[in-house]
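Everything below concerns the one structure shown next.
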Amino acid sequence: TESNAKPRGALIVLEGLDRSGKSTQCAKLLSFLEGLGHQTELWRFPDRETNVGQMISAYLSNKSQLDDHTIHLLFSANRWEKRSLMEEKLKTGTTLIVDRYSYSGVAFSSAKGLGIDWCKAPETGLLAPDSVMYLDISPERAAERGGYGDERYERVEFQRKVADFYQTLRDSSWKIINAGEAMEEVEKKIQEVVLDKVKECALGKPLNLLWS
Ligand code: 2DT
Ligand code: MG
């Protein structure tokens, strides 16, 4: 059909602890892909621009208190409200680089003590990434990098728990990138992975759903 004529974009997700370098690498990846002429956008979750996102932002900066289940569902709702636009962008050929996704959702809430299956449930039916890259760094090493801000979750002991849940969540398709290496090395590794994926998607790799 007409709508299948255009090669689709790839859904690329970067995950990792706070201060693992995700945002820096996402920005570098965006200019790399744009430089090659690929239609690309950089997204991030939480998306603090929406109404739901503003509630999340207030919670993260300790301006509001919410039950752990409630904030979990808001993070999920924040992805659901972007789902149809995400699908449309991918299907019309835009590659999306996404800074945090459902894995952050599950890892952070599980680290607070919520059941992992309960955490995964509201993510079911969201679009599955074509590639998950995990920027691997120890919580101690991450904390040394200019330290944390004063948002919720930015504490070494908590980040250690988050790292354990990321371990539990990851499967063999994840690319584990050593984020302790020089920025340029990390950048090159990410580029290799992404170029392969962008090609696969353009050649018709089907878009899948979480968690299957
Ligand atoms: P940033 O510092 O990247 O803005 O993230 N988080 C994030 C969750 O607890 N659940 C989620 O679903 C997502 C996407 C990770 C702000 C903090 O929010 C956490 C760090
Ligand atoms: Mg942060």
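The candidates L74, L66, arranged from most to least accessible area with a 1.4 Å probe in the full protein assembly, appear as L66, L74. Heavy atoms of the protein chains alone define the surface here; on that basis the range 2-202 has 47 Å² accessible area per residue at 1.4 Å probe size.
With semi-axes defined as the square roots of five times the eigenvalues of the C-alpha gyration tensor, the equivalent ellipsoid of the chain measures 27, 21, 15 Å, largest first.
The length gained on full extension between E34 and E151, counted as 0.36 nm times the residue separation minus their Cα-Cα distance, comes to 38.9 nm. Length gained on full extension, T24 to N178, computed as 0.36 nm times the residue gap minus the Cα-Cα distance: 54.0 nm. May I ask you to work out the translational diffusion coefficient for the range 1-76 at 20 °C, viscosity 1.002 mPa s, via Stokes-Einstein with Rh from the Kirkwood sum over Cα pairs, reported in whole µm²/s? The diffusion coefficient I find is 141 µm²/s.
Solvent exposure of S212, expressed as accessible area, is near 130 Å², computed with a probe of 1.4 Å over the protein chains only. Computed on protein heavy atoms with a 1.4 Å probe, the accessible areas place R83, R170 in the order R170, R83, largest first. With the simple model of a label 7 Å out from the Cα in the direction of the Cβ, K205 to T168 spans 2.8 nm. Here's the list of lysines a cross-link from K63 could span, going by alpha-carbon distance under 21 Å and ignoring same-chain residues fewer than 8 apart: K112. Taking the Cα centre of the chain as reference, the dipole from Cβ charges on Lys and Arg (+1) and Asp and Glu (-1) amounts to some 220 debye.
For a straight C-alpha distance cut-off of 19 angstrom, the aspartates and glutamates reachable from K175 (same-chain residues fewer than eight places away being disregarded) are E15, D18, D99, D130, D136, D164, E184, E185, E187, E192, D196, E200. Computed per residue of the chain from DSSP H runs no shorter than four, each worth -39500 (n - 2.57), the mean residue ellipticity at 222 nm is -14500 deg cm²/dmol. Using a 7 Å offset from Cα along Cα-Cβ at E41, what residues in the range 97-132 end up with backbone N under 11 Å from the label point? In the range 97-132, the label zone of E41 (backbone N under 11 Å from the point 7 Å along Cα→Cβ) covers 97. Rolling a 1.4 Å probe over the protein heavy atoms of the range 2-202, with every protein chain left in place, gives an accessible area that is 49 percent carbon and sulfur.
Looking at the chain alone, DSSP beta bridges between its own residues are antiparallel in about 5 percent of cases.
The values are calculated or read from the model by the stated rules, or taken from the named source; none is laboratory data. The structure displayed is predicted, hence computed values, not measured ones. Cβ: placed from backbone, ideal geometry, glycine included. Neighbour counts: every protein chain shown. To get the accessible areas, we keep the full protein, side chains included, count just its heavy atoms, and leave off ligands, DNA and RNA. Shrake-Rupley method; radii C 1.70, N 1.55, O 1.52, S 1.80 Å.
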